[in-house]
Amino acid sequence: MAGEILRVEGLTKTFRTGGFLRRGGGAGTRAADGVSFSLGGGGDVLVLAGGSGSGKTTVARMILGAVAPDSGKVVFDGSEAIPGGGKEGLRRVRSQCQMIHQDPYDSINPRMRVAQIVAEPLEIHRAGGGDAGARRSRMLEALREARLEPAEAIASMHPHMLSGGQRQRVVLARALAVRPRVIIADEPVSMLDVSIRAEMLGLMSELRESLSVSFLYITHDLATARHFGKRIAVMYGGRIVETGPVADVLLRPRHPYTQALTDAIPEPDPDNLHGRRTVRILEPGAAGGPGAATAAGACRFMERCPYAVDKCAAEPDLRDVGGDRAAACHVELGG
């Protein structure tokens, strides 16, 4: 693995609610609250995990400049890209950092042929060569890298002619076309059948090694995280509450929220043919979820935590707990 390619420092974002004429813009929802992490180059993988509403996708959108952070910065390849990099910094991070979205049905234009979809970023970023022939060659190469064969035939098709798995590979090919150094994969397999999920994860692992592309893998599903990731950062309520090597964190969670997520991982059960557990993890701001009644400055998981103690009235900082791990909890779980 090469040196650091991406670093986010203290990213914060509050989305205001209520009428715009109200003083202060109305109440706010903390989508990200001081989020910091780094990703190495040359094929590194960081899993950003958490339930719906934890702030994962907001962080991804801030990295790409789709959402402006209230504070904090994004450093790409050693230089500040957002917010201090200006238009050039934004262009650089967007050309070298591509995104795979969750829904392959909504993330590609149904009116465009596959060839146009995959070649579009080459035209936007002026990559792949100086003429249409060179761009087409690169487009076809990207389709083959995403295992879409025969590439010429696939290129001529419209999305409705493809399966869900094939559409998601088109999205992957579009990301690969510009030879990015980082791919942000936002729940890339959550809408695919189980068998296709395994194929997609295997393909991304092979591409990570063969192309030395690093992945920021965003998911709520720790079952896929443990098969694809190396390191993990668990988010709850806009904050990172635990970090460390994937296997260590999932086997011996040090934060109660991580423990709740691991309890939701499906396990084989002869008495349960679906192999599922029903565990409902509510995020701050979700209907019926925690957050509104949490006292200001308290641990935002306190309402649901079975281990809460008096000191949880003060929100804990993310601190080193040994073994290249950190947790934001006053209670020593697994210690």
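How big is D, in µm² s⁻¹, for the range 22-109 by Stokes-Einstein at 37 °C and 0.692 mPa s if Rh is the Kirkwood radius over C-alpha pairs? For the chosen part, D equals 221 µm²/s. In the P(r) worked out for the range 104-156, what percent of Cα pairs fall beyond 19 Å? Summing the P(r) tail past 19 Å for the range 104-156 gives 24 percent.
Solvent-accessible area per residue in the range 57-192 equals 44 Å², computed with a 1.4 angstrom probe and all protein chains kept. If the segment from residue 252 to residue 123 were pulled out straight at 0.36 nm per residue, it would be longer than the present Cα-Cα gap by 41.7 nm. Computing FRET efficiency as 1/(1 + (r/R0)^6) for residue 194 and residue 156, where r is the C-beta to C-beta distance and R0 is 25 Å, gives about 0.25. Each 10 Å bin from zero holds the following percent of Cα-Cα pairs in the range 110-246: 11, 39, 32, 14, 3. Each part gets one Cα centre, and for the range 204-220 versus the range 111-186 those centres are 17 Å apart.
Within straight-line reach of residue 230, meaning a Cα separation under 19 Å, sit the following lysines at least 8 residues removed in sequence or on another chain: 56. Residues 87, 230, 13, 311, sorted by accessible area with the largest first, give 87, 311, 230, 13 [1.4 Å probe; ligands and nucleic acids excluded]. Among the protein heavy atoms, those of residue 329 account for about 20 Å² of accessible surface (1.4 Å probe, every chain in place). In this structure, the amide hydrogen of residue 32, modeled 1.01 Å from its nitrogen in the peptide plane, lies closer than 5 angstrom to those of 13, counting only residues at least 5 positions away or on a different chain. Less than 5 angstrom separates the built amide H of residue 232 from those of 47, 244, 246, all sequence-distant by 5 or more or on a different chain. Look at the alpha carbon pairs under 8 Å that are at least 6 residues apart: their mean separation over the length of the chain gives a relative contact order of 19 percent. Can you give me the distance in nm between label points at residue 4 and residue 91, each placed 7 Å from the Cα along the Cα-to-Cβ direction? Label-label distance for residue 4 and residue 91, simple model: 2.6 nm.
The mean sequence distance of close C-alpha pairs (under 8 Å, at least 6 residues apart), as a share of the length of the range 123-236, puts its relative contact order at 22 percent. Give me the percent of accessible area attributable to carbon and sulfur for the range 171-216, probe 1.4 angstrom. The value for the range 171-216 is 47 percent carbon and sulfur by accessible area.
Taken about its Cα centre, the range 164-257 carries a charge dipole of about 260 debye when Lys and Arg each add +1 at the Cβ and Asp and Glu each add -1 at the Cβ.
The values are calculated or read from the model by the stated rules, or taken from the named source; none is laboratory data. A quick note: this is a predicted structure, and the numbers were derived from the prediction, not measured. Virtual Cβ from ideal backbone geometry, glycine too; neighbours counted across all protein chains shown. Areas reflect the complete protein model, heavy atoms only, side chains present, ligands, DNA and RNA absent. Shrake-Rupley method; radii C 1.70, N 1.55, O 1.52, S 1.80 Å.
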